[in-house]
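For reference, the structure discussed in these notes is given below.
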There are 2 protein chains.
Amino acid sequence: MTRILAILLLIASTAGAAAEPVNPWDRLMPMPSRVEPGEGRYRLGRDFRVAVTGKPDARIYREASRLLRRLDDRTGLFLTQAFVTPDSEADGDGMTVVVERQGQLQVGEDESYRLVIEPDGVQLRATTDLGALHGFETVLQLLSADADGYYLPALSIDDAPRFAWRGLMIDSGRHFLPVDVLKRNLDGMAAVKMNVLHWHLTEDQGFRIESKVYPELHQQGSDGFFYTQEQVRDVIAYADQRGIRVYPEFDVPGHATSWLVSHPEIAAAPGPYEIERSWGIFDPTLDPTNEATYALLDRLFAEMAALFPDDYFHIGGDEVTGKQWAANPAIQAFMKQHGIEDTHGLQAHFNRRVLEILTRHGKKMVGWEEILQPGMPKDIVIHSWRGSESLVAAARDGYRSILSSGYYIDLMRPASHHYLNDPLPEGSGLTAEQAQLVLGGEATMWSEHVTAETIDSRIWPRTAAIAERLWSSAEVDDVLAMYRRLDTIALQLEEHGLTHIKNRSMMMRRLANGFDIGPLRTLADVVEPLKIYQRNADDRYRSHSPYTLLPDVAVADARDARIFNRRVTEFLESGDADLVAALRSDLERWRSNHEAFSRIAERSPALREALPISEALHEIASLGLEALDRITAEGDETSAWSVTPGEIIETARRPVAKVELQIVDAIARLVGRAAGII
Amino acid sequence: MTRILAILLLIASTAGAAAEPVNPWDRLMPMPSRVEPGEGRYRLGRDFRVAVTGKPDARIYREASRLLRRLDDRTGLFLTQAFVTPDSEADGDGMTVVVERQGQLQVGEDESYRLVIEPDGVQLRATTDLGALHGFETVLQLLSADADGYYLPALSIDDAPRFAWRGLMIDSGRHFLPVDVLKRNLDGMAAVKMNVLHWHLTEDQGFRIESKVYPELHQQGSDGFFYTQEQVRDVIAYADQRGIRVYPEFDVPGHATSWLVSHPEIAAAPGPYEIERSWGIFDPTLDPTNEATYALLDRLFAEMAALFPDDYFHIGGDEVTGKQWAANPAIQAFMKQHGIEDTHGLQAHFNRRVLEILTRHGKKMVGWEEILQPGMPKDIVIHSWRGSESLVAAARDGYRSILSSGYYIDLMRPASHHYLNDPLPEGSGLTAEQAQLVLGGEATMWSEHVTAETIDSRIWPRTAAIAERLWSSAEVDDVLAMYRRLDTIALQLEEHGLTHIKNRSMMMRRLANGFDIGPLRTLADVVEPLKIYQRNADDRYRSHSPYTLLPDVAVADARDARIFNRRVTEFLESGDADLVAALRSDLERWRSNHEAFSRIAERSPALREALPISEALHEIASLGLEALDRITAEGDETSAWSVTPGEIIETARRPVAKVELQIVDAIARLVGRAAGII
């Protein structure tokens, strides 16, 4: 309780702050368990040194050296220390790291650390090097500057995660994502203290990993886009270096069309099969009544179990339509013979067989919530995706579970939505013991609508909000403070080569066919891609479609719109006249943008489908200005509007070119106020 | 001569054109041998199809499929064709590719192509698929848009390279560069029709390739930053797919400190040795009198010769100081015994031994010009780096040669400098037969001062100008036209993930510690990094230094400065009053920038060393405005200047923080005109 109190005090003291944080630790994300302010500042100079004592291992030395380089890259101090080695000494006034033992990349390993910054030195203590790695990230986030140069604020931090399982799932199945994409995202994960990469490796659209036992699987199932086993080992080693577990998902018995291209004999319907190129839920399914199916899975999983050192192994298990099973007389006969009543029962039968295989190969089974069927043993992990109820239900039944429902970052919802989605919400009714079974959660980056070029802008910065939800106390839930810190983190994440900011400009240059992207940026910063599954509605997309257009440049949490909307709320609540100038400036910029945008679209046909929404922006901004005029020049309320507000608002709400304007509700409220309605 | 005439006519007709090219082929780079305009436009639509006939191979199908995706990514047409396969048909109105045979990645292979675009179809014919690949890039560069959508202009092109060897050398030794850096640069090379990657793999600062025969070489010589052999094979396969040869350089007997960390016994002085972390020319050298040296080279080169399929193998051979040899009595005795007079003679002895080893392993030897010593056999290739005289001399002596002198892109000179540097300049005096021995050239990306983050901005777009020099006719030498096309190419190169534009903004956000980088960009766009080797003058840099500061954000050919300087020249030549407004606008922007820049530097100590040059920009811009005022308001010439122009100009010329202002000479000329001097 003391911890929580400390945090609440901190947040209260900064809630109304502007972009520059009042407290230096208000830039931390995830927020630590406990922060106590100190007196003074630790100055970073050219001779800043880091030493590690206790029982260090190779990982901590490499990461400590990387800490030096990252500090140097940000500060330009030309630090003299090139590497942290067993010979390094902190010379009294540097940073001393003490680790008691090498951390194991296992669920529940000690990840705590204690960081004490004083004007004359920095001490970082951790039971394991994994905790120390988290401490390094905290140090980097604390880096500050004043007139005298760079410093770390004096303070002491005691920190440990609330949940042991803080993951990101990356779907390499639907769109292949090269190794460098994974590596830079592993860096990003480490920066916000996430500790597990769930690697979704097989899908209807691709079997993305080299099998030496069944090479035809990747050879015929991937269009040549797969990871070699050496690449997989490289990614695992890279993640290990960052303190991140990596475990694979081989999605069975559904989502497996790509397997059946080379192995139609284990399908529940004859085939032949081709790699799927559309998005959706498809019927091809493994035959759970065929011993050949289990023989293949046994050999394949034996190979993959050896390749992935992690204890866990995800078998998918989601979205089995059951249509092929229902249509196959032999399968129906099998079910009758074994007293299996329905698709669910047959899948449970399949899962028990797969569980037996995985157990034999030393792995613990994880599966999407559909695998929770009566009679499943308690040592599986239930991955909740359709609703947190399944998570709670699983825990109540004694199953360990992880949450992804509410963390589907592919659905392009705002960070606040994910942030307020707690794995253990108040009122769950779980006992303390049951609550222990909720291991944590995973953000899920399904890749229908992302490519290597856009994926970072879908993962970051929103995933940092999820990382905080999984690390920090449930009481850390101030959305405004979260967004303020998110902007800082978004910038810092760029140092890992993440492209979430910079690729937007690049894509706009391509779209605009030139260096002048101002008007396109103005539009792109107030629209967002269609949310949930609306983008699929017209079946426009295939795996080879261009993901280079306006909805791909647009991001969730469109920043200009977010700031405008907040200002409108503040204005309507407070009537603060100081806000009017800012609102007017935005609205005027938007009103005058259409002409310039149209000129760009003249040379760029790819932008022409966005012309109607550019025009709608012009119209709605004009309406907003008229509303502002009416609100600020009292007495005009009764005169006729120069336009029909309802029509303009309705038009501006309409999705165009797979995006939608994000400022319409706020302007509608201005109109309502102007009309004296609200 | 007809060819040359056609090109000259084209250039003449567009020389005065604005940003938008008058002729659609004026966007091509390198300029083809011959272009003939046609009538009309070929329209690209959703159903655009590509088919390959003749004797296609796997490479052409994959690249043709990639052509489709690149067209689709640029146009957003949602092309229906997913892949080009042997079953594909162009349906009469698509693009038909005819290749006679599979190209071999060998020097002198046929790379010609003929492209005919007519309103009802596109035909691409090539002897080899390598030629067809070049044709694909031409098609992509020709992509244009009008009110009706995307099109290719009707024309016919006959094209073939002037030189067979059009290379880029990348130095992975001094700074390690991950595989994805190499891959995206291979894409960039292919886009401008370059065909050889010279991979500099070993240096004093690092032995960057896995050896299974002598694993201690990379284990102790690389700080863990090396390429595995699988990664090397991956890079070679990737390059092959783009029609690019890859050959390695193992630099011996100098530049080899990193080898000696694990093998001091083959050094010419006892050791022990450590990986070098400074920049410069160092003394550690292999012992050419020790049989152990050749035994190691023999086994290592046998391994590497098998790994790299290319015919050529570069042994470096540059910058041997000879100090260790001179100080070693045994080596001196050996020289006396064998009648070797000096360092050069001893290195020639060494090279003959190495040549014998390489020949035995089936490779042709390439070396920097120092290897050209009396008595070397004629089947080596001389790589000229100190001056083109050595190239000419080599050719006269009957040696084949390639040019890098004048193509040192690490020296941060303008593209124009490299562009006008011809491997066969007029007056070389070579016979036609001797000229044939000049195979081409290579841009050299030495990596003292580049990292994975900045290297693309050093290579591109300037290397495209070198690519044109090596591909196109010597008569294609209009610098203004080159720069105009270079801007277009720079944008197109971004589609390969190249970071030459986008990383600058990212680095500025880090430097400015925020999203608002306007004033920093204003400064960064008129300065350039110190040229030639000036940046090393104060011995500031180590391999682990931060390359994240203003000189790293700055690029050669600073665009704002280049445009301003050209306008000043035009203004002074023509007196055109229309130019004054543009000049004034630039100067006012620069004059008012210092205050805003200072505010950013307040929160960003890393920028503070640049404050004096920001102030100098303010001063010189003020001076420029005063000069403009005097020029335009005649009669004021005699009144006293409000400042002392000479002092301001002198201050503005001074390098600060490793950069220098690029607009000083132009402003000095304005001052001179204002003062009635010029």
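The values are calculated or read from the model by the stated rules, or taken from the named source; none is laboratory data. Computed from a prediction, not measured in an experiment: that's the story for all the values here. Note that each Cβ is placed from the backbone with ideal geometry, even for glycine, and that neighbours are counted across all protein chains shown. We work out accessible area using only protein heavy atoms, side chains counted, and drop any ligands, DNA or RNA first. Shrake-Rupley method; radii C 1.70, N 1.55, O 1.52, S 1.80 Å.
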- request: Show the residue pairs that are 6+ apart or on different chains and have beta-carbon atoms under 6 Å apart, the first residue being within the stretch B:158-177 and open to solvent by 10 Å² or more (accessible area, probe 1.4 Å) and basic (Lys, Arg), the second being part of a loop (DSSP other than H, G, I, E, B) and at pLDDT 95 or above.
  value: B:Arg174/B:Gln205; B:Arg174/B:Ser447; B:Arg174/B:Glu448
Filtered residues of the stretch B:515-539 (kept if part of a helix (DSSP H, G or I) and either over 26 Å from B:Asn593 (Cα atoms) or among the charged types (D, E, K, R) (or both)): B:Arg521, B:Gln534, B:Arg535, B:Asn536
message: For the condition under 30 Å from the mean Cα position of the chain (by Cα) and assigned to a helix (DSSP H, G or I), what is the one hit in B:Ala627, B:Ala666?
response: B:Ala666
query: Right, A:Arg589: of a type in the set (Lys, Arg), within 14 Å of chain B (Cβ to nearest Cβ) and touching a Ser or Thr at 6+ places or on another chain (Cβ under 8 Å) or not?
result: no
query: Restricting the search to the stretch A:200-257, which residues are closer than 18 Å to A:Leu297 by Cα and assigned to a strand (DSSP E or B)?
result: A:His200, A:Thr202, A:Glu203, A:Gly206, A:Phe207, A:Ile209, A:Tyr247, A:Pro248, A:Glu249
- line: Of the conditions (1) in contact (Cβ under 8 Å) with a residue 12 or more places away in the chain; (2) surrounded by fewer than 19 Cβ atoms within 10 Å (Cβ to Cβ); (3) over 29 Å from B:Ala295 (Cα atoms), the single one that B:His344 does not satisfy is (3)
query: Within the stretch B:299-310, is even one residue open to solvent by less than 40 Å² (accessible area, probe 1.4 Å), assigned to a loop (DSSP other than H, G, I, E, B) and within 14 Å of chain A (Cβ to nearest Cβ)?
result: no
- request: For the stretch B:260-299, name all the residues that are under 20 Å from B:Asp223 (Cα atoms), among the hydrophobic types (A, V, I, L, M, F, W, C) and in contact (Cβ under 8 Å) with a residue 60 or more places away in the chain.
  value: B:Ile275, B:Trp279, B:Phe282
field: Residues within the stretch A:148-170 that are of a type in the set (Gly, Ala, Ser), more than 14 Å from chain B (Cβ to nearest Cβ) and over 24 Å from A:Trp368 (Cβ atoms), tallied
entry: 3
message: What are the pairs with Cβ atoms under 7 angstrom where one residue, in the stretch B:663-678, is under 16 Å from B:Ser639 (Cβ atoms) and the other, located anywhere, is of a type in the set (A, V, I, L, M) and open to solvent by less than 10 Å² (accessible area, probe 1.4 Å)? Sequence gap at least six, or different chains.
response: B:Val671/B:Leu623; B:Val671/B:Ala627; B:Ala674/B:Ala627
message: I'm trying to understand the selection: among the residues of the stretch B:347-359, which are touching a residue at least 60 places away in the same chain (Cβ under 8 Å) and charged (D, E, K, R)?
response: B:Arg353
statement: Selection over the stretch A:69-107 where residues are assigned to a helix (DSSP H, G or I) and either over 34 Å from the mean Cα position of the chain (by Cα) or more than 8 Å from chain B (Cβ to nearest Cβ) (or both) yields a count of 2
query: Restricting attention to the stretch A:67-85, and to residues there that are out of contact with any Pro (no Cβ under 9 Å at 6 or more places or on another chain) and without any contact (Cβ under 8 Å) to a residue 24 or more places away in the chain, which single residue is least open to solvent (accessible area, probe 1.4 Å)?
result: A:Leu68
statement: Picked from the stretch A:519-571 (must be out of contact with any Pro (no Cβ under 7 Å at 6 or more places or on another chain), closer than 19 Å to A:Glu276 by Cα and more than 12 Å from every other protein chain (Cβ to nearest Cβ)), the residue surrounded by the fewest Cβ atoms within 10 Å (Cβ to Cβ) is A:Ala537
task: Report whether or not B:Arg413 is over 23 Å from B:Gln106 (Cα atoms) and either at pLDDT 95 or above or within 25 Å of the chain's Cα centre (by Cα) (or both).
output: yes
message: Condition (residue is without any contact (Cβ under 8 Å) to a residue 12 or more places away in the chain and not hydrophobic (A, V, I, L, M, F, W, C)) applied to the stretch B:617-624: is it met by at least one residue?
response: no
- prompt: Do we have any residue at all in the stretch B:526-541 that's among the hydroxyl-bearing types (Ser, Thr, Tyr) and modelled with pLDDT under 95?
  reply: yes
query: Can you name the residue in the stretch A:207-229 that is in contact with a Phe, Trp or Tyr (Cβ under 7 Å, 6 or more places away or on another chain) and within 12 Å of another protein chain (Cβ to nearest Cβ) and is also least open to solvent (accessible area, probe 1.4 Å) among such residues?
result: A:Glu210
- request: Examine the stretch B:97-110 for a residue that is within 20 Å of A:Leu549 (Cα to Cα), hydrophobic (A, V, I, L, M, F, W, C) and surrounded by fewer than 21 Cβ atoms within 10 Å (Cβ to Cβ), and state whether such a residue exists.
  value: no
message: List the helices (runs of 4 or more DSSP H) inside the stretch A:321-381, counting only whole elements, that have at least 3 residues being over 20 Å from A:Asp397 (Cβ atoms), modelled with pLDDT of 95 or more and among the charged types (D, E, K, R).
response: A:343-360
statement: Considering the stretch A:46-66, residues that are in contact with a Leu (Cβ under 7 Å, 6 or more places away or on another chain) and open to solvent by less than 40 Å² (accessible area, probe 1.4 Å), and then whichever is farthest from B:Ala601 (Cα to Cα), we arrive at A:Glu63
task: Out of A:Val252, A:Val232, report the one residue that is closer than 24 Å to B:Tyr227 by Cα and open to solvent by less than 10 Å² (accessible area, probe 1.4 Å).
output: A:Val232
- line: Filter the stretch A:258-272 for residues that are more than 27 Å from the chain's Cα centre (by Cα) and not in a loop (DSSP other than H, G, I, E, B); the one that is surrounded by the most Cβ atoms within 10 Å (Cβ to Cβ) is A:Trp259
- prompt: Hey, A:Leu142 hits all of (1) in contact (Cβ under 8 Å) with a residue 40 or more places away in the chain; (2) closer than 20 Å to A:Leu71 by Cβ; (3) open to solvent by less than 20 Å² (accessible area, probe 1.4 Å); (4) away from chain B (no Cβ under 14 Å) but one; which does it fall short on?
  reply: (4)
field: Search result, residues across the stretch A:116-162 that are among the aliphatic types (A, V, I, L, M) and part of a loop (DSSP other than H, G, I, E, B)
entry: A:Leu143, A:Ala147, A:Ala160
message: Testing B:Ile600 on (1) over 30 Å from the mean Cα position of the chain (by Cα); (2) under 20 Å from B:Glu528 (Cβ atoms), one condition comes back false. Which one is that?
response: (2)
- prompt: Going by the conditions given, is A:Leu186 within 14 Å of chain B (Cβ to nearest Cβ), open to solvent by less than 20 Å² (accessible area, probe 1.4 Å), modelled with pLDDT of 95 or more and assigned to a strand (DSSP E or B)?
  reply: no
